[in-house]
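The values are calculated or read from the model by the stated rules, or taken from the named source; none is laboratory data. Because the structure is a prediction, the values reported are computed rather than measured. Cβ placement follows ideal geometry from the backbone for every residue including glycine, while neighbour counts extend to all protein chains displayed. Ligands, DNA and RNA are excluded from the accessible area calculation, which covers all protein heavy atoms including side chains. Shrake-Rupley method; radii C 1.70, N 1.55, O 1.52, S 1.80 Å.
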Amino acid sequence: MRKVVMRLLQSLLAAGVSLALSQGVASAEEQEKVFAIAIHGGAGTINKASLTDEQEAAYKAKLSEAISAGHSILAAGGSSMDAVVAAVQVLEDSPLFNAGRGAVYTYDGEHELDASIMNGATGEAGAVAGVKTVKSPIELARSVMENSVHVMLSGEGAEAFAAEQQLALVENSYFNTERRYQQLQTAKEKLGKADKQAYVELDNKYKYGTVGAVALDQEGNLAAATSTGGMTAKRYGRVGDSPIIGAGTWADNASCAVSATGHGEYFIRYHVAADICSRVKYLGESVQEAGDTVIHDVLLPKGGTGGVIIVDGKGNVHMPFNTEGMYRASQVGNGEINVAIYQDELY
Ligand code: ASP
C-alpha cells in the first residue's frame, strides 16, 4: 500500500514538474519571439577596386536604411509581408540599385521592370513583368496577389491594373540615371551583333543590382520579395528570374524564404529559390547547406553567377553568392545590423 501511494505521489510530482516546465518553456518562447530580416542589392563583379570609399559608404548607408525600414515593422509585431515591401521600396527609390529609379536600360533605351512577392504562410504569390510606368513594381506585385485572381501580370495589362488600383504611375524617364545610360552604351558596343556569346561575355562583367528582401515575423510567418530592372540591353521583352515564383522568389513557412539575384536565365532553369527551400523541406538540410549547394555546386559549374538571401522559420539567415561581391544586410531580432559587400566580409 505504501509503495502504491509513493508511486502515485511520484507520478503526481513528475506531472506537476513537467507541467511547470512546459509552462516555463511556453512563456520563455512567448517572451523571446524570434524575428529576422535580410536584404540584397544585387551580386556581381563588385570588389574594393570597383567602388570608391564614398560609393561604398553610400551603398552601406542605403542598405542600413532599407533593413531598418523592414526591421522596425517586425520589431513592432508587424507582418513579414509588410517588412519585405518596406525594405524593397527603400531600394527601389534609390538610384544606386537596379530596381525602380536607377533601373538598367533595355537595348531600345527604355526601362522594363519585373517584381514578385510570396507569402510563406498562405502560399499566395504575385508578380509583374515588363512594366514601364509603375513607380513601385513590388507594390504592384503585392496588389496582383491581394486584389486579382491571377499570379502574374505583364506589360500594358499590368499597367492598366496598376491604374485601376490607383498605384503611383510615372513617366518611363523617371527611372533614368546617367550611370545606367553609360552602361547601356558600353553594353551595346560589346554586344555588337547581339549574338548569344556576346551576351554571355557581357554577363560576366555585368554588375547586377536587383534588390530583394526576406523576413520572418513574430508570428512565425515568412515572406520574400524581389524587384529589378533586369539586365542591361535586354531585348525582345526578355523576362528574367526575378518575377518568376520559384526561380527568383520563394517563401514557404514549412521551409524558408529566398530572394535571388544573378544571371536570370540560369536561375530560371535551375529553379533556384524553390530548389533551396525544397532541400530544406525534404532533405532536412539547413539553409546554409541548401544555399551553398545550389549556389556553388549546382549553378556555378553550369556558368550561373549570382547569389541569394535566405531566412528560415527559426531566424537562421544565410546569404551565399558565387560572384566577387553582393550588396547585403541582415538583422536577427534586435541584434546588430550586419552590412556587407565583398566576399571577405563576414556576413
Ligand atoms: N536576376 C536579374 C535578371 O536576370 C538580374 C539581377 O539579379 O541583377 O533579370
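Data overview
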item: Matching helices (runs of 4 or more DSSP H) fully within segment 201-320 where at least 1 residues are open to solvent by 10 Å² or more (accessible area, probe 1.4 Å) and within 16 Å of the ligand (Cβ to nearest atom); result: 264-269, 272-283
item: Residues of segment 283-330 satisfying the condition of being among the polar types (S, T, N, Q) and under 13 Å from the mean Cα position of the chain (by Cα); result: SER330
item: Complete set of residues in segment 106-127 that are more than 13 Å from the ligand (Cβ to nearest atom), touching a residue at least 12 places away in the same chain (Cβ under 8 Å) and not acidic (Asp, Glu); result: TYR107, GLY109, ILE117, MET118, ASN119, GLY120, ALA121, GLY123, ALA125, GLY126
item: Selection count where residues are open to solvent by less than 10 Å² (accessible area, probe 1.4 Å) and without any contact (Cβ under 8 Å) to a residue 24 or more places away in the chain, scope segment 128-147; result: 1
item: Qualifying positions in segment 321-347 - among the acidic types (Asp, Glu) and within 16 Å of the ligand (Cβ to nearest atom); result: GLU324
item: The listed residue being crowded, with 17+ Cβ neighbours inside 10 Å, closer than 26 Å to GLU324 by Cβ and of a type in the set (Asp, Glu), out of GLU92, GLU56; result: GLU92
item: Counted residues, segment 60-89 - those being buried (at least 21 other Cβ atoms within 10 Å of the Cβ) and either in contact with a Ser or Thr (Cβ under 9 Å, 6 or more places away or on another chain) or of a type in the set (Phe, Trp, Tyr) (or both); result: 13
item: Unmet criterion (only one of (1) part of a loop (DSSP other than H, G, I, E, B); (2) in contact with a Leu (Cβ under 8 Å, 6 or more places away or on another chain); (3) open to solvent by 70 Å² or more (accessible area, probe 1.4 Å)) for HIS150; result: (2)
